[in-house]
1. At a 1.4 Å probe, what is the % contribution of carbon and sulfur to the accessible area of the chain?
2. State the answer as a single residue: which of Trp14, Ser151, Val63 lies farthest towards the positive end of the charge dipole of the chain, with beta carbon charges of +1 for Lys and Arg and -1 for Asp and Glu, about the Cα centre.
3. Using unit Cβ charges (K, R positive; D, E negative) and no other charged atoms, how large, in debye to the nearest 20, is the dipole of the chain about its Cα centre?
4. In nanometres, what is the gap between the two model label sites at Glu36 and Ala123, each 7 Å from Cα along Cα-to-Cβ?
5. On a full-extension model of 0.36 nm per residue, what is the gain between Asp105 and Val45, subtracting their alpha-carbon distance, rounded to one decimal in nm?
6. ³J(HN,Hα) across region 116-128 via Karplus (A = 6.51, B = -1.76, C = 1.60, θ = phi - 60°), whole Hz, x for Gly/Pro?
7. At 0.36 nm per residue, minus the direct Cα-Cα distance, what do Leu132 and Lys88 gain on full extension? Give it in nm, one decimal, please.
8. Per-residue ellipticity at 222 nm for the chain, helices alone: DSSP H runs ≥ 4 residues times -39500 (n - 2.57), over residue total, nearest 500 deg cm²/dmol?
Amino acid sequence: MRVGTLLPVATKAWPEPVERVTAYLREAGAEVRVEEFAEGTPTAVDAARAIGCNLAQIVKSLVFDCAGRTVVVLVPGDRRADAAKIAKAAGSPTARIAGTEEVRDATGFEPGAVAPFPLPRVASVFIERTLLAQPVVWIGAGSSNHMASLSPTELLRLSRARPMDAVDEAT
């Protein structure tokens, strides 16, 4: 669906977190298609398999604690985030992956279902530069069964993310 102009014909309501994401997209006039996958998409590998796309087109929304500040880092599904690079970008001495409760509290989403927006208690959002070269990317849309496809430019606009080199070069 193209959120903002077409609404889905739903036989049942989407979960509240997905409704929150789609409301944000409608309000922003976004060029996005949201889809539900019965088999679930809780991991990047599961998502790529369900969608039938390249793993590098899946966007992982990773939540980090940077010395008490929460940041979200958007990285390709086939790469690992580099905590030292994230700490430096966040102006923090350290960066560690947030725990389950921290993810819920900061983002309003369950781990494995974090969308890159809206993020009520997140200080900064960063995006791995290589994602910007993809023709289309897929993001979590609020549940482990919902994904959204959009252009990297639209993702950048909607997430207000700052591009950076965020991945571990060893992977």
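The values are calculated or read from the model by the stated rules, or taken from the named source; none is laboratory data. All values derive from a computational prediction rather than experimental measurement. As a convention, Cβ positions derive from the backbone with ideal geometry for all residues, glycine included, and neighbour counts pool all protein chains shown. With ligands, DNA and RNA removed, areas are computed over all heavy atoms of the protein, side chains included. Shrake-Rupley method; radii C 1.70, N 1.55, O 1.52, S 1.80 Å.
1. In the chain, the share of accessible area belonging to carbon and sulfur is 54 percent.
2. Ser151
3. Here the chain has a charge dipole of around 400 debye.
4. About 3.8 nm separates the two model spin labels.
5. Using 0.36 nm per residue and subtracting the Cα-Cα distance, I get 19.0 nm.
6. Here the 3J(HN,Hα) series is x, 5, x, 10, x, 10, 10, 6, 8, 10, 10, 10, 5 Hz.
7. So the chain would gain 13.7 nm between Leu132 and Lys88.
8. It comes out at -7500 deg cm²/dmol, rounded to the nearest 500.
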